[in-house]
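Report on the structure given below.
The values are calculated or read from the model by the stated rules, or taken from the named source; none is laboratory data. Nothing here was measured: the structure is a model prediction, and the numbers come from that model. Cβ: placed from backbone, ideal geometry, glycine included. Neighbour counts: every protein chain shown. With ligands, DNA and RNA removed, areas are computed over all heavy atoms of the protein, side chains included. Shrake-Rupley method; radii C 1.70, N 1.55, O 1.52, S 1.80 Å.
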Amino acid sequence: MLGLLETGSGFWSAIIWILLVLVIGNLVIYIRNKGEDSYKKNTEQDKPFISGNPEESKESSHLSASHIYWGFTEALKGYYNPLVKMHTGNINDYSSWIIVITAIILIMVGVSG
Amino acid sequence: MNLSNHIPILIIAIPLLAAFLVPLISRINKKATGILTTLALSVSLLLTIVLAVKILTVGPQVYVFGATSPSLTLPSGLKFPIRIMFQIDAMSIFMGLITAVVSFLGATYSLSFTKKYDGVDKYYSLLLLLTVGIFGMEFTGDIFNFFVFLEIASIASVALISFRGVDLGEPAEAGFKYMVVSSVSALMVLFAIGIFYGEYDVLNIAAIASVIKYSQLDKIALGLLMPVLAMKAGAVPMHMWTPDAYSEAPAPITMMLVAASQASLYALFRVVFSLYNISLNTLTVGWIIIIFGLLSMFIGVTMAIIQKDIKRLMAYHAISQTGYMLLGVGVGLAVLANPEALKNYGITAMEGGIFHIMNHAMYKGLLFLTAGALFFRTGTRDLNKMGGLAHYMKYTTIFFIIGAAAIAGLPPFNGFASKLLIYESVYKFNPLLSIIAMVVSILTLASFVKVFHSAFLGPKLPQFKEVKEVPRSMVFAMAVLSCIIIFFGLFPDLIVKNLVHPAVMSLIEQLQYTGTVLGGM
Amino acid sequence: MIGNLPYVVVVISIGLGIYTLMFKRNLIKIAIGICLIENGVNLFLITLGYRKGAVAPIYTYAPSGQAMVLPTPQALTLTSIVIGIATTALILSIAMMIYKHYGTLDTDQVRRLKG
Amino acid sequence: MKEMSRIIKTVTNFVYGFIIIFGFYIIVHGHLTPGGGFQGGAVVGSAFALLLISYGSMNSNKFLKEDIFSLFEGFGLILFIVLGFSGLGITFFYNFLANSGGWFGDTAVIGVNPGDMNTAGVIPLMNIAVGLEVLSAFGVIVLTMARGAEFTKKKENS
């Protein structure tokens with residue numbers, strides 16, 4: 001009933017994993033509950049630190065999807081620009097890709113013997 | 001009349017009958033069409049489960065059309081079978097189970113989802129035909145019959161993709177693109193069938209497999225079949241139709257399209273394993289499939305990260321996850337001629353790949369359904385316009401978390417189990433492949449964090465004040481998929497031992513496949 | 001040698017179809033290209049079943065003792081023609097829908113879905 | 001679509017009945033001569049297309065009803081699948097009428113013969129079912145396309 005899944009070089013069991021997570025989680029919660037002496041409720045410590053800027057209203061603080069991972073896409077511009085350009089959305093290109101790949105595979109299969 | 005012998009055909013014939021009845025029923029009562037569809041597909045699901053139990057205990061089944069007995073493959077004096085037949089072994093029924101579950105839940109979900117649309121009777125009729133096409137592709141033992149079912153599935157899915165095309169331009173565009181690529185690919189399949197028929201004078205897959213020589217003509221046939229079936233499965237660099245079609249189809253249809261793509265994937269595996277097996281150059285063909293897999297995984301996931309349309313993003317993930325299946329099975333194929341390596345890690349890699357097919361159908365289906373639920377309530381698929389929906393749609397949020405965790409391979413969900421099988425076995429074949437697979441998994445998690453953050457988290461937005469939880473039938477479909485995902489995650493060993501391993505063995509052992517029809521040659 | 005001429009036609013027809021698919025920028029022409037490939041493949045199947053000097057495989061009023069061509073490829077071709085009709089009708093209807101919404105049949109402009 | 005000239009309409013009136021009869025001939029002789037349900041249905045469908053283009057899509061709506069076509073389409077499909085199901089005592093699609101002596105139940109002669117209509121079991125029935133399906137499907141297709149063309153033309157002119 002432990003759900004042991006042999007993977008060839010070991011095993012995986014979700015049940016054991018959950019038990020372990022429970023044990024470790026309880027430990028963490030226990031340690032956390034012991035508390036930090038210098039923490040005081042309802043003081044400056046509760047507020048987020050934004051370099052002294054005024055806190056924005058909740059409605060305008062939501063980050064929309066195109067701004068997430070902006071740095072990631074900016075850094076990988078050299079990879080993304082040709083890749084996005086490749087997806088032209090033109091049906092001629094779609095069929096050309098199929099024909100070209102079929103030709104390449106025909107050659108590969110034919111040559112390899 | 002003993003109906004238990006007729007289960008293979010009833011699985012297909014009952015949805016087919018319902019598909020033809022639906023237009024007539026809709027003249028009397030429009031609402032009855034959806035209920036009839038769901039009923040027919042639930043019968044089909046039950047029969048598939050019964051057949052699966054039978055196959056896994058007794059062995060592969062054949063069903064010969066129009067013969068004097070369903071199992072009479074070789075009438076007196078014939079060396080090769082001439083009749084059309086269904087040949088269902090562990091791998092076919094594995095795919096059949098996926099199709100049955102997905103189509104039943106798709107119909108249930110549609111009950112509420114299609115309320116806004118006109119022409120619902122045609123929608124249900126086409127949905128049933130699509131199911132029939134997918135089932136047929138998986139069950140058939142005749143290569144020309146496979147072509148027919150492939151075309152049935154692609155015509156039905158094109159009509160469903162462009163279902164909203166009467167009012168909008170984009171669905172029509174997506175349907176056109178899918179129709180062009182799928183008819184070109186189907187014609188290439190037909191050409192390959194012509195080559196087989198000209199060379200061996202038979203159309204039965206098992207009969208061809210028993211005499212195949214891997215001559216120059218067979219190489220051409222393989223070179224035509226492999227890329228087009230990989231294309232239908234959505235392998236990079238022939239994947240461009242996938243995001244278009246998946247994002248424009250109605251959500252339950254997108255879930256069915258995933259199953260349809262996987263039926264093509266199944267056909268690819270059937271061709272290389274059951275039809276050619278070790279007669280072909282396993283290393284070359286295996287590496288071709290592995291390279292397809294690598295490209296699909298990496299390009300799929302990196303393109304997904306930058307998408308703004310939620311269903312387009314998920315469609316790119318579907319490509320990326322297909323890469324895992326191709327990778328796992330490709331490694332199995334590359335070492336097929338090497339019994340020691342096959343036993344050592346090849347079978348495990350294939351188990352991972354095949355298990356991933358089922359997992360992917362479940363969690364990707366669930367994710368598309370949650371995307372459909374968001375679209376149903378908010379009317380937009382643009383992630384930039386969404387936000388704070390977790391306040392209004394609690395169940396959908398929970399289902400989305402389950403699906404996202406499963407696709408990202410977080411333990412203890414099912415995606416982790418199959419990905420772990422792939423990582424550990426592929427590492428022994430080539431460590432680099434395994435590392436790329438892990439990186440892809442991390443990027444998958446990253447992009448779903450983006451979706452979760454921008455759609456569900458954040459403050460309540462004023463434009464979504466009216467939004468509430470989706471209707472009950474949609475919640476039901478998503479809940480069933482979530483339960484399956486959690487069950488698979490908790491007890492992956494049961495599934496792998498009882499369903500996946502027999503499926504892998506039925507792929508690897510060609511003699512078993514041919515012997516079912518030709519009788520222990 | 002003369003018996004191989006149909007195969008040449010097959011190659012030409014499929015080649016023209018592929019050329020149309022790859023380079024013609026009109027949706028209707030793409031539909032025609034698919035029809036060309038389809039006809040090429042159908043001709044290929046028919047040619048496979050042909051025997052020199054044989055008659056159609058039907059007993060009604062057939063000359064006796066004559067060799068008959070193979071009927072199976074003809075059945076296959078018929079099926080593929082039926083499917084081809086459905087495909088063509090669907091493609092043309094969708095092209096009409098696209099024209100209705102986009103006002104053009106140019107593939108360079110029918111690409112709102114990209115990236 | 002506008003209606004065409006009087007000459008074309010007269011010729012159509014004269015010819016379309018023959019085309020339809022020829023189509024039905026092909027359908028019911030499908031098991032004896034080249035042809036069958038699909039081919040005959042396509043011939044009948046071409047008669048509908050002829051009517052449509054000669055009378056124009058507006059006028060032909062009076063005698064070509066899409067509703068009736070789709071009813072017949074469903075009927076043909078149901079007939080076909082029911083014939084498949086009725087073989088289920090033995091196998092799906094089993095030819096239970098052939099050689100039974102009843103409807104289409106004569107034994108077919110092997111070898112050169114003038115042809116006997118009353119043979120082949122369920123195959124003629126299936127041909128009729130397919131023929132009904134195909135002719136009504138063709139009717140639906142041409143009518144729907146004509147309607148769509150009407151719409152786009154209106155849009156172009158405005």
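When residues of the stretch C:43-66 are filtered for being open to solvent by 10 Å² or more (accessible area, probe 1.4 Å) and within 17 Å of the chain's Cα centre (by Cα), how many remain? Total satisfying the criteria: 5. Quick check on B:Leu268: is it open to solvent by less than 10 Å² (accessible area, probe 1.4 Å), aliphatic (A, V, I, L, M) and within 13 Å of the chain's Cα centre (by Cα)? Taking the combined requirement at face value, the residue satisfies it. Scanning the stretch B:379-414 for residues that are open to solvent by less than 10 Å² (accessible area, probe 1.4 Å), within 12 Å of chain A (Cβ to nearest Cβ) and without any contact (Cβ under 8 Å) to a residue 60 or more places away in the chain turns up nothing.
Considering only residues that are polar (S, T, N, Q) and within 11 Å of chain A (Cβ to nearest Cβ), look in the stretch C:89-115 and name the one that is surrounded by the fewest Cβ atoms within 10 Å (Cβ to Cβ). Explain how you work it out, then say what you get.
So in the stretch C:89-115, the residues polar (S, T, N, Q) come out as C:93, C:104, C:107, C:109.
This time we only want the ones that are within 11 Å of chain A (Cβ to nearest Cβ), so: C:107, C:109.
Details: C:Thr107: 22, C:Gln109: 13.
Per the criteria, the residue is C:Gln109.
So, A:Trp97, is that one more than 14 Å from chain C (Cβ to nearest Cβ), surrounded by 16 or more Cβ atoms within 10 Å (Cβ to Cβ) and not in a strand (DSSP E or B) or not? The answer is no for A:Trp97.
Search the stretch D:36-89 for residues being in a loop (DSSP other than H, G, I, E, B) and more than 29 Å from B:Ala18 (Cα to Cα), and hand back the single one that is most open to solvent (accessible area, probe 1.4 Å).
From the stretch D:36-89, those in a loop (DSSP other than H, G, I, E, B) are D:36, D:61-65, D:87-89; that's our starting set.
Filter again for more than 29 Å from B:Ala18 (Cα to Cα), leaving D:61-63.
Values: D:Asn61: 83, D:Lys62: 146, D:Phe63: 99 Å².
Once the filter is applied, the top-ranked residue is D:Lys62.
Only helices (runs of 4 or more DSSP H) whose full extent lies in the stretch B:148-258 are considered here, and the ones with at least 1 residues that are buried (at least 24 other Cβ atoms within 10 Å of the Cβ) and polar (S, T, N, Q) are B:169-200, B:241-248. Considering (1) in contact with a helix residue (DSSP H, G or I) (Cβ under 7 Å, 6 or more places away or on another chain); (2) in a loop (DSSP other than H, G, I, E, B), the lone condition that C:Ile37 does not fulfil carries the number (2).
Taken together, the criteria exclude B:Trp241 from residues that are touching a helix residue (DSSP H, G or I) at 6+ places or on another chain (Cβ under 7 Å) and more than 23 Å from B:Val132 (Cβ to Cβ). Taking the residues in the stretch A:1-45 that are touching a Gly at 6+ places or on another chain (Cβ under 9 Å) and part of a helix (DSSP H, G or I) as candidates, determine which candidate is farthest from B:Phe355 (Cα to Cα). The selected residue is A:Ile16. Of the numbered criteria (1) within 7 Å of another protein chain (Cβ to nearest Cβ); (2) among the β-branched types (Val, Ile, Thr); (3) in a loop (DSSP other than H, G, I, E, B), the one C:Thr79 fails is (3). Pairs linking a residue in the stretch B:332-345 that is away from chain A (no Cβ under 12 Å) to a residue that is open to solvent by 70 Å² or more (accessible area, probe 1.4 Å), with Cβ atoms under 7 Å and 6 or more positions apart or on different chains, are B:Ala334/B:Leu283; B:Ala334/B:Trp287; B:Leu336/B:Ile278; B:Ala337/B:Ile278.
Do we find that D:Val130 is assigned to a helix (DSSP H, G or I), β-branched (Val, Ile, Thr) and either more than 7 Å from every other protein chain (Cβ to nearest Cβ) or without any contact (Cβ under 8 Å) to a residue 12 or more places away in the chain (or both) in this structure?
Working: assigned to a helix (DSSP H, G or I): yes; β-branched (Val, Ile, Thr): yes; either more than 7 Å from every other protein chain (Cβ to nearest Cβ) or without any contact (Cβ under 8 Å) to a residue 12 or more places away in the chain (or both): yes.
So D:Val130 passes the test.
Close Cβ contacts (under 8 Å, 6 or more residues apart or on different chains) running from residues in the stretch A:80-93 that are within 7 Å of another protein chain (Cβ to nearest Cβ) and among the polar types (S, T, N, Q) to residues that are in a helix (DSSP H, G or I) and exposed (fewer than 14 other Cβ atoms within 10 Å of the Cβ) comprise A:Asn92/C:Phe23.
Okay, residues lined up against (1) within 18 Å of B:Ile195 (Cβ to Cβ); (2) surrounded by fewer than 17 Cβ atoms within 10 Å (Cβ to Cβ); (3) without any contact (Cβ under 8 Å) to a residue 24 or more places away in the chain:
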| residue | (1), (2), (3) |
| --- | --- |
| C:Val11 | yes, yes, no |
| C:Leu16 | no, yes, yes |
| C:Arg25 | no, yes, no |
| C:Ile30 | no, no, no |
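Taken over the stretch C:67-76, the residue count meeting the criterion of being in a loop (DSSP other than H, G, I, E, B) and open to solvent by less than 20 Å² (accessible area, probe 1.4 Å) is 1.
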